[in-house]
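Below is one structure; the comments refer to it alone.
The values are calculated or read from the model by the stated rules, or taken from the named source; none is laboratory data. Just so it is clear, the structure is predicted and the values come from calculations on it, not from any experiment. Cβ placement follows ideal geometry from the backbone for every residue including glycine, while neighbour counts extend to all protein chains displayed.
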Amino acid sequence: MPIIDSTSAEARGLKGLHLYHFAMSNCSQKARFCLEEKGLQWTSHPVDLLNNQHMTPEFVAINPKGLVPVLVHDGVVVIESSDIIDYVDQHFPNPPLRPSEPAERKRMYRWLKLWDETQISLKTLSHNTILRGRAAPMRADMERLEKLVKNDELIEFMREFTSADGLSRNRIERATSWIEQMLGELDAHLGQHQWLAGDAFSLADLAWSIDIHRFELIKFPMEKYRAMRAWYRGIEQRPGFQRMVLDYEAQFRKSIEAQKSGAA
């Protein structure tokens with residue numbers, strides 16, 4: 001579990017639960033959804049990725065990788081969204097979001113590992129669709145990113161994304177193939193089971209519902225995955241999903257429209 005030794009005196013001095021996050025980040029959505037399902041009180045620290053707040057010295061002192069979300073619990077800094085939700089469920093065990101049976105818990109962690117392995121593919125297709133128009137503005141920030149952020153994978157990806165040619169066809173094809181494979185596995189499992197691990201909603205369901213939502217946003221074809229779509233529609237109706245994902249997205253879109261209106 002990546003609990004890091006943050007150099008930020010601000011973070012180390014925080015008491016209670018604090019989340020650094022961005023409204024439209026799928027990893028942030030996952031962390032917020034988990035905190036809401038647990039019924040926990042937490043302090044929000046929005047990080048505006050569109051205006052590069054994740055590339056400020058202050059934020060990089062909190063997370064040298066320059067990524068959201070970051071959870072701080074009584075000065076303990078936890079990064080990586082799967083580790084954050086696992087940390088939350090272990091430190092605040094009620095209501096539980098993991099099966100009690102060892103084999104089912106192992107299955108949950110397998111799905112979380114697959115979720116982690118899917119993120120580069122999701123990022124590829126998200127950047128190639130909804131973020132494609134921001135490649136040129138982001139190009140101007142590459143020097144600052146390379147100077148401040150200690151994250152070779154992110155830097156390599158952003159170099160390719162902001163290049164004149166953009167993301168390669170090979171990268172996009174690999175991402176599409178991987179996601180199709182994962183959706184097929186999800187659909188096959190959910191055709192036989194109500195949940196991904198055990199007999200109740202777990203961290204695995206929480207995580208994967210967030211990605212399915214993103215695949216809908218980028219209009220990834222999912223019509224044939226009937227069992228998976230029915231499972232997702234059920235999770236989409238949960239109050240925590242509505243508040244921590246859909247409501248945040250609606251507020252974000254309103255703020256963008258207001259900024260456009262003000263600039264007009």
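So which residues in region 30-80 are on the phi > 0 side of the Ramachandran plot and in contact with a Pro (Cβ under 9 Å, 6 or more places away or on another chain)?
Passing the criteria: Gly39, Glu80.
Scan region 214-233 residue by residue and report those that are among the basic types (Lys, Arg), free of Cβ contacts under 8 Å to residues at least 24 places away in the same chain and in contact with a helix residue (DSSP H, G or I) (Cβ under 6 Å, 6 or more places away or on another chain).
none
Being more than 18 Å from Ala200 (Cα to Cα) and either assigned by TED's automatic domain parsing to the domain that holds Asn63 or among the aromatic types (Phe, Trp, Tyr) (or both) is the filter here; which residues of region 92-118 pass it?
Trp115
Can you tell me which residue within region 68-95, out of those that are in a helix (DSSP H, G or I) and not acidic (Asp, Glu), is nearest to the chain's Cα centre (by Cα)?
Ser81
Taking region 122-169 only, how many residues are more than 30 Å from Glu180 (Cβ to Cβ) and acidic (Asp, Glu)?
The qualifying residues number 3.
Only one of (1) under 29 Å from Asp199 (Cα atoms); (2) out of contact with any Phe, Trp or Tyr (no Cβ under 9 Å at 6 or more places or on another chain); (3) charged (D, E, K, R) is not met by Glu36, so which one is it?
(2)
Have a look at Glu236, Glu185 and point out the one that is among the acidic types (Asp, Glu) and more than 16 Å from Leu112 (Cα to Cα).
Glu236
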